[in-house]
Amino acid sequence: MKAAVIGRYGPPEVVTLREVPTPVPAEDEVLVRAHTTTVNSGDTRVRGINVPGGPAFAFLMRMSLGFNAPKQPVGGFEMAGEVMAVGRDVTGFKVGDRVVGSHGFRFGLHAEYAVFGKDDALALIPEGVSYETAVAVMFGGTTALTFFDKCGLKPGESILINGASGAVGVMAVQIAKHLGAEVTAVCSAANMDAVRSLGADHIIAYDREDFIRNGKTYDVIMDNHGNAPFSRIKGSLKPGGRHLLVIFEKLGTFVSAKWNKQVVELNESDNAFTSDIYARLLDLTARGVIRPMIDSVFAFADIAEAHRRVDTGHKVGSVVVSFG
């Protein structure tokens, strides 16, 4: 089979298609043939060692993922496709099922086939939900839903979502509204209409207004972009407010205690990539509660260009890759 392999850290062109062995499912695994996958900010950050926090954090990332090239050379957080084979111990799935799945931060899903086991997320795609829609919901949806579960977002609370037009932001706006929050979305002026269509109550164009300086405060501020560290936004949080760090900010957790505010981060115990969370998101999708925004669709042969699109920082929603 073909897989998109990262031979070394660097720009999009380091991603190339190569022939690799097709995986064989074990007795407790499911083999899936890919129809769609995505390229998201997590993929491009790993490919380019592009992380907040400066050289020290980049060095730590290399130590964890591989110094000169990733130990797992095949990227990809999620895949939607068709079940082609099941091990004899598998229950709940059969050949021909339409599914969406993830290996989480073990990646490996920018490939024509993948196997999924008990430690992976795998869920049935409901009737009426396309492969493109299913896969485009997952990265942003799992991140938003896990953060909102952890911070305990309540009906009637106010939340500001910084970076509301990316894959996470698009899902966060819709899920926060579904949970009954009053949503203020921050995006570029060019993306205001798109974000407004998601149901945001208020929209701030960051290229026209700095939300830090408008005097308003919020119960929750979610930073999906990395340019709203706690040191900047502490005055915009209400007492006891929560700062959701989708993009890591060094020292934020420590300084927040002084201000009677909470920084919420995800760690290894907060596994966003679970079958239960996938099933919840697919149910919301099938019922029309949430929908993805698909920025663009690339052929698998052009996956390096999908990386390049994400690198621009101007995509709206998800970048999908189709296997044809």
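FYI, it's all coordinate maths here, none of it is from the lab. These numbers come from a predicted model, not from an experiment. Here the Cβ is made from the backbone with ideal geometry for all residues, glycine too, and neighbour counts use every protein chain on show.
Evaluated at q = 0.20, 0.21, 0.22 Å⁻¹, a Debye calculation over the C-alpha positions of region 40-171 (equal weights, vacuum) places log10 I(q)/I(0) at -1.24, -1.28, -1.33. What's the FRET efficiency of residue 154 with residue 19 using the Cβ-Cβ distance as r and R₀ = 35 Å, to the nearest 0.05? Calculated value: 0.10.
Give me the Kirkwood hydrodynamic radius of region 134-220, using the inverse of the mean 1/r over all pairs of distinct Cα atoms, in Å to one decimal. Write out the running numbers ahead of the final one.
Values: mean 1/r = 0.0777 Å⁻¹.
Mean inverse Cα-Cα distance, inverted, gives 12.9 Å.
At full extension, residue 283 and residue 202 could sit 26.5 nm farther apart than now, given 0.36 nm per residue minus the alpha carbon distance. The sum of -39500 (n - 2.57) across all DSSP H runs of n ≥ 4, divided by the residue count of the chain, sets its helix-only mean residue ellipticity at 222 nm to -8000 deg cm²/dmol.
Alpha-carbon geometry of the chain: the Rg and the Dmax are 19.5, 61 Å, given in that order. Here region 139-264 is assigned +1 on the Cβ of each Lys and Arg and -1 on the Cβ of each Asp and Glu. Its dipole about the Cα centre then comes out at about 420 debye. Take region 1-97, drop everything but the C-alpha atoms, weight them equally and run the Debye formula without solvent; then report log10 I(q)/I(0) at 0.23 Å⁻¹ to two decimals. For region 1-97, the Cα-only Debye profile gives -1.14.
Which part of region 91-125 falls in the paramagnetic zone of residue 85, meaning amide N under 16 Å from the point 7 Å along Cα-to-beta-carbon? In region 91-125, the label zone of residue 85 (backbone N under 16 Å from the point 7 Å along Cα→Cβ) covers 94-97, 112-117.
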